[in-house]
Amino acid sequence: MWYRVASSAGRSLGPALGALGSRQKHSLPDLPYDYGALEPHINAQIMQLHHSKHHLAYVNNLNATEEKYQEALAKGDVTAQVALQPALKFNGGGHINHSIFWTNLSPNGGGEPKGELLEAIKRDFGSFEKFKEKLTAVSVGVQGSGWGWLGFNKERGQLQIAACSNQDPLQGTTGLIPLLGIDVWEHAYYLQYKNVRPDYLKAIWNVINWENVAQRYMACKK
């Protein structure tokens, strides 16, 4: 069985959060591969639970929170609007982050990027190996739950590595455009790697979809 990604999942969220009066409900994006396609690096049980349970929960909670926010807007209830901001950030971020994450992975992934992305990595980090070591170290070092990211600083025209706590979305909290995200919440790896996060991070490099990351890099340079 194959799962096709809905390409609008990540892009549609931002405008929807800003125009709740005319929004459409968010939906769980499909995967472009089978749940077991990333084995042995990420097993099928993890992928199924991560996608069909955890990501779906963010989608459902985001829709519910937006409905409440829309009601608060209609009533002019600023207090309620402010109170709903953390839920919008958490569930909206969870939806954005995971929609990127699924496309960043591929059963045909791994190795090194090519072309302009590889040249940019060498320019900004010295070498691909140094970049890999730095993003791994930042991801290992996330306290509790969160994400390690490769992002693009449009103002400086440079690649940057960053860590975000919980489900904080990279662009919404740092201004960096997300290119590659590594989920280090325990639900992303615990059933296979227990509490040994470094082993999970070593394995995930074997399924990174560099073609997708390169497409994101070229798109944000325009």
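The values are calculated or read from the model by the stated rules, or taken from the named source; none is laboratory data. Computed from a predicted model, the values in this text were never measured in an experiment. Every residue, glycine as well, gets a Cβ built from its backbone with ideal geometry; the counts of neighbours run over all protein chains shown. Remember, those area values only see protein heavy atoms, side chains included, never the ligands or the DNA or RNA. Shrake-Rupley method; radii C 1.70, N 1.55, O 1.52, S 1.80 Å.
For the reader, a short list of remarks on this structure follows.
- The residues of the chain expose on average 50 square angstrom of accessible surface per residue, using a 1.4 Å probe on protein heavy atoms.
- Its Cα centre serving as origin, the chain has a Cβ charge dipole (Lys and Arg +1, Asp and Glu -1) of approximately 360 debye.
- Across the stretch 118-216, Cα-Cα distances exceeding 22 Å account for 26% of all pairs.
- Calculated from backbone phi, Karplus (6.51, -1.76, 1.60) coupling profile of the stretch 98-104 in Hz, x at Gly/Pro: 6, 4, 6, 4, 4, 7, 6
- All aspartates and glutamates inside 16 Å of Lys75 as judged from Cα atoms, apart from same-chain residues fewer than 8 positions distant: Glu66, Glu67
- Spatially proximal lysines relative to Lys122 (Cα-Cα < 25 Å; intrachain offsets below 8 disregarded): Lys114, Lys130, Lys132, Lys134, Lys154, Lys202, Lys221, Lys222
- The helix-based estimate of mean residue ellipticity at 222 nm for the chain, built from -39,500 (n - 2.57) per DSSP H run of four or more residues and divided by its residue count, is -15000 deg cm²/dmol to the nearest 500.
- Binned Cα-Cα distance frequencies in the stretch 16-137 - 5 Å width, integer %: 2, 10, 15, 15, 13, 12, 12, 10, 7, 4, 1
- Taking the C-alpha atoms only, the angle from helix 56-75 to the longest principal axis of the chain is near 30 degrees.
- In plain terms, the chain from Gln85 to Ser52 could stretch by 9.4 nm, reckoned as 0.36 nm per residue minus the Cα-Cα distance.
- Approximate spin-label separation Lys122-Asn166, in nm, with each point projected 7 Å along Cα-to-Cβ: 4.2
- Projected-area average for the chain over all orientations - Cα convex hull basis, square nanometres: 12.3
- Counting only lysines at least 8 places from Lys68 when in the same chain, those with an alpha carbon closer than 18 Å to its own are Lys25, Lys89.
- Where a label projected 7 Å from the Cα of Met218 along Cα→Cβ would reach, residues of the stretch 70-114 with amide N under 13 Å: 114
- Mean Cα-pair separation over length for the chain, i.e. relative contact order, pairs under 8 Å, 6 or more apart, %: 22
- Rounded to 0.05, the FRET efficiency of the Glu112 and Gln143 pair, given R0 = 45 Å and the Cβ-Cβ distance, is 0.95.
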